[in-house]
Number of protein chains: 2
Amino acid sequence: MNNSARSSADVQNSRALEYKRHTLAHLLAAAVLEIYPDAKPTIGPAIDKGFYYDFEFPADKRPTDKDLKDVEKRMRKLLPSWKEMSGTEVKLEAAKEHFNHNPYKLELIEDIMVKNEPVTLYTAGSFTDLCRGGHCDSPAADIDPDSFKLTRIAGAYWRGDETKTQLTRIYGLAFETAAELKAYEEMMREAEKRDHRKLGKDMDIFEFDDDVGPGMPLWLPNGTTMAEELENLAKEAEFSAGYQRVRTPHIAKQSMYLKSGHLPYYEDSMFPPMEYEGGKYYLKAMNCPHHHKIFAARPKSYRDLPLRLAEYGTCYRHEKSGELFGLMRVRMLEMNDAHIYCTEEQFADEFRAVNDMYLKYFKIFGIEKYIMRFSTHDPKRLGDKYVNEPELWKKTEDMVRKVLVDSNIKFIEVPNEAAFYGPKIDVQVWSAIGREFTLATNQVDFAVPKRFGLTYTDKDGAEKTPLCIHRAPLGTHERFIGFLIEHYGGNFPLWLAPIQVKVIPVSEGQLEAARKIQESLRRDMIRAELDDSNDSFGKKIRNAKTSRAPYFIIIGEKDLTAGKVTLESRDKGQIGQLSFDEIQKRFAEEIKNRS
Amino acid sequence: MNNSARSSADVQNSRALEYKRHTLAHLLAAAVLEIYPDAKPTIGPAIDKGFYYDFEFPADKRPTDKDLKDVEKRMRKLLPSWKEMSGTEVKLEAAKEHFNHNPYKLELIEDIMVKNEPVTLYTAGSFTDLCRGGHCDSPAADIDPDSFKLTRIAGAYWRGDETKTQLTRIYGLAFETAAELKAYEEMMREAEKRDHRKLGKDMDIFEFDDDVGPGMPLWLPNGTTMAEELENLAKEAEFSAGYQRVRTPHIAKQSMYLKSGHLPYYEDSMFPPMEYEGGKYYLKAMNCPHHHKIFAARPKSYRDLPLRLAEYGTCYRHEKSGELFGLMRVRMLEMNDAHIYCTEEQFADEFRAVNDMYLKYFKIFGIEKYIMRFSTHDPKRLGDKYVNEPELWKKTEDMVRKVLVDSNIKFIEVPNEAAFYGPKIDVQVWSAIGREFTLATNQVDFAVPKRFGLTYTDKDGAEKTPLCIHRAPLGTHERFIGFLIEHYGGNFPLWLAPIQVKVIPVSEGQLEAARKIQESLRRDMIRAELDDSNDSFGKKIRNAKTSRAPYFIIIGEKDLTAGKVTLESRDKGQIGQLSFDEIQKRFAEEIKNRS
């Protein structure tokens, strides 16, 4: 983890924050018990962004969201008295005695006993809880009372088991400072406005339909425009990086997936088979086996490598229906996929070039914060979750780690999350409002090319197996467009905007001139719409704003006389009176530069 | 059939040719019997381009292809003696007596008896056959001995039933004139050289793979380039014709296809279902139901019509494995699909605009000969093969016929070949070498929009059901690229050619300059390849020719000194010494104009 993004100072900070959140869970339990003396606290951990605590309340005395303010107030009232927080190891019997009215705590004590671990009680103020530790030493001094907040109440089962008692969970947020809490809340409010499911509907980007099936979006014309602009970007970038495009069927025979290893290792994520011509056909869950077949379709020599085969292929994967979520978790995935076949010597350059492509895209989309999650295998799961090649795992993981370190790329290493055929990198990015998304992947495959018998003839005449890099820098259309909707809040840059220009005649007298402008723009392949309605000028402008078109061209009497038009920008307001040529040039440049 | 392409003179000509072919089948039987007296003739009809006759030969005396010349000679020798050919109705017993050594003819006579039809024998020269009639009156005078030819021998079962005796079939070609026969043979020789399966392999356009499955091509990089250029063409043409693009999943639930009527009417052509989440999912065989769902996704008013939704959607259809043929008959079809939703009043204009789009494409591809096959329903098959709406069938068929007649488009009318939801037009085109292909379709649908409950609010506030036009002017990538391979014989125009330019340094000294030229061209998105091999200049030129790139840029010592390059065209030979700017401009223009 030498060069990884998490420095030891980072780790210490994050541990302090975790301790604080854990301490607040205790404080929450203390406050709840003061207001609801019959409540039975169960467990209360620190979580990402805050903490929670699960309680059993008497059925007639369960708090609701509107009671949270009182509990929060009580927490703030108690906090100054929590001068220090310390733990003591106690005898089993003493612990049982302390919690003799709380069957949940007694059950937890039993567990500790079985594991033969020490039983510790932590006390702050007048509240004592069964706990392993990990708190602030001086809560009153360490915790800013404005840096936390209770957010909501939810149901939860004891031990997450739905056959057991249903408990009441109270969630809270907590950050280092009050300012951070405020910023996070502001981001979430903004994120809600930008929710891709809401904007996706309002902006006619995608739709689901019961007869088509859950998790399978229909791309409406506006969403299709975006998908095609993204594909054009990928095609240009990949053409200049020496990729070749291919196209492959969406199905293949069972024998293909037995060969690739998807059937033993990945069947749970695949759609069920079709019984056809006495055999089974499967929808593809990945494009790689098809690309391997294209590699194999012609004999290859070292002169053909690196061979980079790219396809925007649509894959189908099973996801539990309860886990589907807008465009973020779907069953149909149209991927910016490619497979790079290369020698070991070429690996570092190719892998670096892929990283460069990521950075190029991040720049185009104004993604300033990102991190690479480097997922490695778990030696204990070899032959089960991972192909059983311990040496090759070590070698390729070392190879990837070295490129990441050498290129000074921010990354964290995560064990036991690799693909079944090799280590992988997931790229996490932060949107303009600071929300985190996992978008793209970059994987090394040392296993499947061998299973497919892929070889190239090397300079010395020997037949060798290439390495394969699987990469998808723009991820899937589904997730990436979902991300972009939130990232831009629907205000897409000119090149990407479904409607690029609204042409608005001030009144009837300019309608024909406006129509000609629209037609000229469309001849330049610009997505221009004409407002030929009878609405008032004010209404036309309001409608244009609602359309989120990056530009409005307004044509009034004076413009017509001057042989010009007035250009207005969605983001920058009025730009001025320009000739059509000037506008044409401006648009062409802005689109070409994707600025 | 008023304005259709088949005038009554055409029909008469085609009948005369059919009679001639039928007569030649008799002549073939007569010649065979003279050489092989033990042969038993069975049946011998006229077919497209010629005729055949099936015989039973004694196992040790079966002719092979090399014996055909002798049979053909004997036919020519007999022909002058066939001064006239006439039929006589005979009694059953007399007919049985005549054929008492031929169980096949006896079986045919039984059939005639069962149907209570007259038994007729036709005689020419000294040969008499059981026949219904339809021959030349004077074979010797009517048949040019050089206008026919025997081509090959094949196996065939008696009555096409593989449990019955295997017979020997002799095929022949026959045309009006010797010149036509020669032209046809020349075309077939050329077609063989241009065979899309052969060129598709040689030019690395597509490949099949056993693990993927028959009928499902993998598009190699060269084929993918062509598919994408075709898509760009369609996208441009459709953008300017006011289409909007959509994208839809490749699968849908059973409920979708019950609603659309595909399951009752089209199930045989669909892939079998996947059992998923307690229901069935099907691969789509057509894009229409998905497009209807997009229509339905938002409320529509008359202002939204005509709505034109376009998609290059990949469909999957079952075809019997024995009927699969290269790219011409496949199981995966990527279609230049669109659905136009319009009012009845808008129908004629929209339908005409679709026809105009066909004609525009024909011009781009230099397709000079075409005809539209207008397929109508069969009233006897209503409710079985066709949706049971007799009035609507009549109305829409009249509407289509009127547009075809009014626009003066060449068409023929074919009963009982419509789609289940309405009349359709298949477009037949002839390739540069005169071979016929069925490429595109244009269909009217009055039934399915209603089944899907699609409506728009009309001016008067009433909810009405739109008509739907299904159209695919560029057909499927599979068939269209197959056609183009043969049409161009692999020598594609610049815009479509997988490799557009070969850059060839005369010797080592110009390699760097050549590389820079290649890189500049690629920056213009031109598919330029550099020959950086150590081959001799002559070999480099030969390789460039094999690549079928439309242009070669040659850089020699003198070019380098002059700051120019030498341009050579695949089709027109050397063009001359030009500056890079001139070349760049020339290519850009040629590509833009698709000339």
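Here are a few things to note about the model shown:
- Number of residues in the stretch A:283-292 that are more than 10 Å from chain B (Cβ to nearest Cβ) and either more than 22 Å from the chain's Cα centre (by Cα) or open to solvent by 40 Å² or more (accessible area, probe 1.4 Å) (or both) equals 1.
- Some residue of the stretch A:188-205 being on the phi > 0 side of the Ramachandran plot, of a type outside the set (S, T, Y) and at pLDDT 95 or above: yes
- B:L167 open to solvent by less than 20 Å² (accessible area, probe 1.4 Å), of a type in the set (A, V, I, L, M) and within 26 Å of B:R15 (Cβ to Cβ): no
- Residues in the stretch B:240-253 that are open to solvent by 10 Å² or more (accessible area, probe 1.4 Å) and either closer than 23 Å to A:E334 by Cα or not assigned by TED's automatic domain parsing to the domain that holds B:L305 (or both): B:Y243, B:Q244, B:R245, B:R247, B:H250, B:K253.
- Some residue of the stretch B:87-101 being charged (D, E, K, R), in contact (Cβ under 8 Å) with a residue 12 or more places away in the chain, surrounded by fewer than 16 Cβ atoms within 10 Å (Cβ to Cβ) and in contact with a strand residue (DSSP E or B) (Cβ under 9 Å, 6 or more places away or on another chain): yes
- Residue within the stretch B:242-252 that is within 14 Å of chain A (Cβ to nearest Cβ), closer than 30 Å to A:K300 by Cβ and among the β-branched types (V, I, T) present: no
- Candidate set: the stretch B:37-52, residues that are touching a residue at least 12 places away in the same chain (Cβ under 8 Å), of a type outside the set (G, A, S) and more than 18 Å from B:G155 (Cβ to Cβ); chosen: the one surrounded by the fewest Cβ atoms within 10 Å (Cβ to Cβ): B:D38
- Of all residues in the stretch A:293-346, those satisfying the criterion of being in contact with a helix residue (DSSP H, G or I) (Cβ under 9 Å, 6 or more places away or on another chain), surrounded by fewer than 20 Cβ atoms within 10 Å (Cβ to Cβ) and either of a type in the set (A, V, I, L, M, F, W, C) or assigned to a strand (DSSP E or B) (or both) are A:F325, A:M328, A:R329.
Let's see how each residue does on (1) polar (S, T, N, Q); (2) out of contact with any Lys or Arg (no Cβ under 9 Å at 6 or more places or on another chain); (3) crowded, with 18+ Cβ neighbours inside 10 Å:
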position	(1), (2), (3)
A:A472	no, yes, yes
A:I481	no, yes, yes
A:I499	no, no, yes
A:E508	no, yes, no
A:S533	yes, no, no
A:Y551	no, no, yes
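- Only residues that are modelled with pLDDT under 95 and buried (at least 18 other Cβ atoms within 10 Å of the Cβ) were counted in the stretch B:53-62, giving 0.
- Search result, residues across the stretch A:236-254 that are part of a loop (DSSP other than H, G, I, E, B) and among the aromatic types (F, W, Y): A:Y243
- Restricting A:L263, A:L199, A:L233 to those that are open to solvent by less than 40 Å² (accessible area, probe 1.4 Å), assigned to a helix (DSSP H, G or I), without any contact (Cβ under 8 Å) to a residue 24 or more places away in the chain and more than 7 Å from chain B (Cβ to nearest Cβ) reduces the list to A:L263.
- Residues (in a helix (DSSP H, G or I) and either touching a strand residue (DSSP E or B) at 6+ places or on another chain (Cβ under 9 Å) or over 23 Å from A:I47 (Cα atoms) (or both)) located in the stretch A:157-177: A:W158
- If you go through the stretch A:266-282 and keep only what is more than 9 Å from chain B (Cβ to nearest Cβ) and part of a loop (DSSP other than H, G, I, E, B), you end up with A:M270, A:G278.
- Selection status of B:E56, acidic (D, E), farther than 19 Å from B:Y184 by Cβ and in contact with a strand residue (DSSP E or B) (Cβ under 9 Å, 6 or more places away or on another chain): yes
- Residue within the stretch B:553-564 that is more than 37 Å from the chain's Cα centre (by Cα), under 22 Å from B:E229 (Cβ atoms) and either modelled with pLDDT of 95 or more or surrounded by 13 or more Cβ atoms within 10 Å (Cβ to Cβ) (or both) present: no
- Selected residue (criterion: most open to solvent (accessible area, probe 1.4 Å)) from residues of the stretch B:399-422 that are under 23 Å from B:Y266 (Cα atoms) and of a type outside the set (D, E, K, R): B:P415
- Hey, A:D211 of a type in the set (D, E), open to solvent by 30 Å² or more (accessible area, probe 1.4 Å) and free of Cβ contacts under 8 Å to residues at least 24 places away in the same chain or not: no
- Considering residues of the stretch B:209-226 that are farther than 17 Å from A:Y243 by Cα and within 20 Å of the chain's Cα centre (by Cα) only, the residue nearest to the other protein chains (Cβ to nearest Cβ): B:M216
- Residues within the stretch B:383-423 that are assigned to a loop (DSSP other than H, G, I, E, B) and β-branched (V, I, T), tallied: 2
- The lone exception for B:L220 - which of (1) among the hydrophobic types (A, V, I, L, M, F, W, C); (2) surrounded by 23 or more Cβ atoms within 10 Å (Cβ to Cβ); (3) more than 30 Å from B:E529 (Cα to Cα) it fails: (3)
- Residue check, B:Y361 open to solvent by 10 Å² or more (accessible area, probe 1.4 Å), at negative phi and either within 14 Å of another protein chain (Cβ to nearest Cβ) or under 18 Å from the mean Cα position of the chain (by Cα) (or both): no
The values are calculated or read from the model by the stated rules, or taken from the named source; none is laboratory data. Source: prediction; values computed, not measured. Heads up, the Cβs are rebuilt from the backbone with ideal geometry, glycines too, and the neighbour counts pull from every protein chain shown. Only protein heavy atoms, including side chains, enter the accessible area calculation; ligands, DNA and RNA are left aside. Shrake-Rupley method; radii C 1.70, N 1.55, O 1.52, S 1.80 Å.
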